[in-house]
Amino acid sequence: MKSDFPMGVAIGGARAATGPDRRGSVAPVPLVDLRANYASIKHEINEAIQRVLDSTAFILGEEVVAFEQEFAAYCDCRHAVAVASGTDALQLALESVGVKAGDEVITVSHTFVATAVAVTRVGATPIFVDVDPTTYTIDVDQIERRITPRTSAIVPVHLYGQPADMEPILDIASRHGLKVVEDACQAHGARYKGRRVGSLGDAAAFSFYPGKNLGAYGDGGAITTNNSDFHDRAALLRNYGQRRKYEHELKGYNSRLDSLQAAVLRVKLRRLDDWNNLRASLARIYNDELRDSAATTPVARVDRTHVYHLYVVRVAERDHVLNVLQSRGIGAGIHYPTPVHRLSAYAEYRDLRLPVSEKVASEALSLPLFPELQAAQARQVVRSLMEAIQS
Ligand SMILES: *Cc1c(COP(=O)(O)O)cnc(C)c1O
């Protein structure tokens with residue numbers, strides 16, 4: 001299953017894992033099963049959608065305001081601004097904290113491309129540093145030597161659902177007068193030293209792409225911040241820069257979350273902690289079952305709560321292992337096969353060397369993980385993985 005979706009996430013449930021070349025007798029296990037998730041909340045979702053249809057308040061309006069309040073509270077944050085996607089959330093967060101054309105922004109290359117795209121879209125230059133080889137989040141020891149007079153911000157990515165090491169990052173930022181924008185697009189609900197992601201930096205960006213831990217039924221995103229000036233600017237920017245109709249204070253965009261998505265997200269937000277707990281207990285099963293295997297399992301640091309957006313192991317001969325798994329109907333995936341500095345869209349970085357990012361990209365393998373996955377299915381994935389490694 002080579003997915004065309006931007007995240008490489010298999011959307012559409014069981015169908016995703018049943019390729020034409022599937023062999024063996026085991027039942028297929030998809031990477032993500034959105035159909036099972038919808039089935040578990042169908043009644044409430046349908047009611048919420050009907051409510052919006054009856055109100056005909058499709059843009060902004062009550063549902064969006066309520067979702068913003070509920071999501072901000074969930075993140076232990078004062079403000080949230082709901083926007084059209086996670087990429088837009090990152091871009092608007094960067095603009096809101098004052099990142100501008102010509103600036104440099106320090107971030108990672110081992111991430112989904114949108115992290116870099118958002119920096120590029122404000123006219124700034126991403127400065128890629130390597131990741132820590134155990135957590136796959138930004139290597140904090142590499143940040144300071146890349147700071148120049150043009151650096152204005154750091155964008156740590158809470159990759160796969162585990163927060164980056166925020167304390168040293170915030171310390172470096174305050175010593176150098178830099179802003180910190182968290183890319184929390186994979187980490188809804190994760191905690192660092194007890195505090196929710198989204199409340200740690202100057203601002204944060206979340207994605208509600210359907211396959212994320214909190215996913216809409218279309219595109220969506222949010223900016224969270226405790227700073228009322230940044231909040232004000234983000235709220236203006238996503239709605240043509242207008243405070244009141246036809247009073248445009250900023251050159252803004254059209255990047256609003258629509259009310260149907262807000263209504264869906266309000267239903268799902270109430271389940272998010274339960275779903276994250278289910279993800280964590282499935283991750284424990286994988287950890288236990290893979291303890292003595294040749295696969296390197298993820299390291300969850302004790303000072304952080306990992307919400308397992310993805311369960312990523314590292315294996316030698318990864319492409320072979322992936323092929324074998326997929327041929328047996330196991331919807332494994334790769335996040336991400338190519339670090340951003342190796343993508344043709346970012347060819348200007350072709351001479352940059354980031355050894356850890358490059359190695360992780362060649363060995364990373366995402367196993368099926370979603371709240372509705374059964375323990376027996378997880379064990380079956382492990383058996384297939386062991387066989388694939390030995391084949
Ligand atoms: C999903 C994601 C984004 C972008 O979100 P979209 O809603 O797809 O625009 C950005 N950064 C990371 C790390 C992501 O996983």
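The values are calculated or read from the model by the stated rules, or taken from the named source; none is laboratory data. No experiment lies behind these values; they were computed from the predicted model shown. For neighbour counting, all protein chains shown are included, and Cβ atoms are generated from backbone atoms with ideal geometry for every residue, glycine included.
Here are some notes:
- Those residues of the range 284-318 which are over 23 Å from D273 (Cβ atoms), outside any strand (DSSP E or B) and among the basic types (K, R), in sequence order: R291, R318
- Checking each residue in the range 237-259 for being surrounded by fewer than 21 Cβ atoms within 10 Å (Cβ to Cβ) and among the aliphatic types (A, V, I, L, M) picks out only L250.
- Residue list for the range 299-316, restricted to those being more than 16 Å from the ligand (Cβ to nearest atom) and in contact (Cβ under 8 Å) with a residue 24 or more places away in the chain: V299, A300, R301, D303, R304, T305, V313, R314, V315, A316
- Of all residues in the range 71-78, none satisfies being within 16 Å of the ligand (Cβ to nearest atom) and either assigned to a strand (DSSP E or B) or closer than 28 Å to E348 by Cβ (or both).
- Across the range 156-178, the qualifying residues are those that are touching a helix residue (DSSP H, G or I) at 6+ places or on another chain (Cβ under 6 Å) and more than 17 Å from V105 (Cβ to Cβ), and the one among them that is farthest from the ligand (Cβ to nearest atom) is P168.
- Selected residue (criterion: surrounded by the fewest Cβ atoms within 10 Å (Cβ to Cβ)) from residues of the range 215-236 that are within 11 Å of the ligand (Cβ to nearest atom) and among the hydrophobic types (A, V, I, L, M, F, W, C): A216
- Selection within the range 220-258 - more than 16 Å from G61 (Cα to Cα) and aliphatic (A, V, I, L, M): I223, A234, L237, L250
- Filter result (small (G, A, S) and free of Cβ contacts under 8 Å to residues at least 40 places away in the same chain) within the range 317-338: none
- Annotation: of all residues in the range 179-201 being surrounded by fewer than 22 Cβ atoms within 10 Å (Cβ to Cβ) and in a loop (DSSP other than H, G, I, E, B), the one that is nearest to the ligand (Cβ to nearest atom) is S199.
- Taken together, A205, A235 contain a single residue that is under 23 Å from the mean Cα position of the chain (by Cα), assigned to a helix (DSSP H, G or I) and at pLDDT 95 or above, which is A235.
Residue-wise test of (1) more than 15 Å from A204 (Cβ to Cβ); (2) at pLDDT 95 or above; (3) among the hydroxyl-bearing types (S, T, Y).
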| site | (1), (2), (3) |
| --- | --- |
| T18 | yes, no, yes |
| N37 | yes, yes, no |
| N46 | yes, yes, no |
| S55 | yes, yes, yes |
| V64 | yes, yes, no |
| V81 | no, yes, no |
| A89 | no, yes, no |
| V97 | no, yes, no |
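Yes or no, residue by residue, for (1) crowded, with 16+ Cβ neighbours inside 10 Å; (2) farther than 27 Å from A184 by Cα; (3) among the polar types (S, T, N, Q):
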| site | (1), (2), (3) |
| --- | --- |
| V26 | no, yes, no |
| N37 | yes, no, yes |
| I45 | yes, no, no |
| A48 | yes, no, no |
| I59 | no, no, no |
| A72 | yes, no, no |
